[in-house]
1. Determine the pairs where a residue that is assigned to a loop (DSSP other than H, G, I, E, B), located within the range 140-151, has a partner that is open to solvent by 60 Å² or more (accessible area, probe 1.4 Å) with Cβ atoms under 8 Å apart, the partner being 6 or more residues away or on another chain.
2. Given (1) under 17 Å from the mean Cα position of the chain (by Cα); (2) within 23 Å of D164 (Cα to Cα), identify the lone condition not met by P4.
3. Which one is farthest from E96 (Cα to Cα), of the residues in the range 120-138 that are open to solvent by 10 Å² or more (accessible area, probe 1.4 Å) and of a type in the set (S, T, N, Q)?
4. Of everything in the range 180-195 that's of a type in the set (A, V, I, L, M, F, W, C) and more than 14 Å from D14 (Cβ to Cβ), which residue is surrounded by the fewest Cβ atoms within 10 Å (Cβ to Cβ)?
5. Report, by residue number, each residue of the range 75-119 that is among the acidic types (D, E) and surrounded by fewer than 18 Cβ atoms within 10 Å (Cβ to Cβ).
6. For the range 1-26, name all the residues that are at pLDDT below 95, part of a loop (DSSP other than H, G, I, E, B) and in contact with a helix residue (DSSP H, G or I) (Cβ under 9 Å, 6 or more places away or on another chain).
7. Of the residues L20, L49, L10, only one is touching an Asp or Glu at 6+ places or on another chain (Cβ under 6 Å) and either within 24 Å of L135 (Cβ to Cβ) or open to solvent by less than 10 Å² (accessible area, probe 1.4 Å) (or both); which?
Amino acid sequence: MVKPGDQDLLIVVDLQYDFLPGGALAVPHGDAVIAPINRLARAFRHVVLTQDWHPAGHASFASSHPGKQPFDLVDLHYGSQVLWPDHCVQGTKGAEISGELNIPHAQLVIRKGYNEGIDSYSGFKEADRQTSTGLEGYLRERGFQRVFCAGLALDFCVAWTAMDAASAGFETYLIEDASRAIDTNGSLEKARQDLEAAGVRTINSAQIINP
């Protein structure tokens, strides 16, 4: 059992309309994470949200690559990239954080994926693995030691955020029942293996002691 304290942070990843049912890149049963995340958030004094925030014509969009379809793989300057339907375009309804998320005490929204030529799954580093979002520095300045990740999608943005938190030296947990996966091209199994290798602990929200 884990009792969140003042050095613990919950990161809620990409709870945006385009990843929810009816959205441009809907994660299967993505809306099922909202209630557990709302409950979880009450146990944490400190919460950060991440938000996908792409310009139109982003390099990760299949529509930016003639002849390509969503979920095809292409090589970009930083390596292999899954191509996605246009989603979370800056200023659109689909990019908005869900109004059903009830976390008024969230202290920061970190936007990612706004560089046109680089995708960004992680809340810490973009897909070139060089460009920082500034989140690591924020966590260090605030004195956090443990990081708990939940949201959408487990096999991409949640997993990459958790792995980068662990790589930065934070004790890191992924809350599995408060996350859902896309699972394309074996991505969920790969994420599970990568998370274990990175030292991220996978837990259930029932293991979080709520006040």
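1. G143/Q7; F144/Q7; Q145/Q7; Q145/E171
2. Of everything listed in (1) under 17 Å from the mean Cα position of the chain (by Cα); (2) within 23 Å of D164 (Cα to Cα), P4 misses just condition (1).
3. Among those that are open to solvent by 10 Å² or more (accessible area, probe 1.4 Å) and of a type in the set (S, T, N, Q), it is Q130.
4. Per the stated criteria, the residue is L188.
5. Within the range 75-119, the first condition is being among the acidic types (D, E), and the residues that meet it are 75, 86, 96, 100, 116, 119.
Across the range 75-119, the qualifying residues are D75, E96, E100, E116.
6. Hit for the range 1-26 is M1, nothing else.
7. Values: L49 fails: touching an Asp or Glu at 6+ places or on another chain (Cβ under 6 Å); L10 fails: touching an Asp or Glu at 6+ places or on another chain (Cβ under 6 Å).
Just one listed residue meets the conditions, L20.
Yes or no, residue by residue, for (1) touching a Cys at 6+ places or on another chain (Cβ under 8 Å); (2) open to solvent by 70 Å² or more (accessible area, probe 1.4 Å); (3) more than 17 Å from A41 (Cβ to Cβ):
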site	(1), (2), (3)
C149	no, no, no
C157	no, no, yes
A178	no, no, no
A197	no, yes, yes
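The values are calculated or read from the model by the stated rules, or taken from the named source; none is laboratory data. As the structure is a computational prediction, the values presented were derived from the model and not from experiment. When we count neighbours, we look across all protein chains shown, and the Cβ atoms used for this are built from the backbone with ideal geometry, even at glycine. All accessible areas refer to the heavy atoms of the entire protein, side chains included, with ligands and DNA or RNA removed. Shrake-Rupley method; radii C 1.70, N 1.55, O 1.52, S 1.80 Å.
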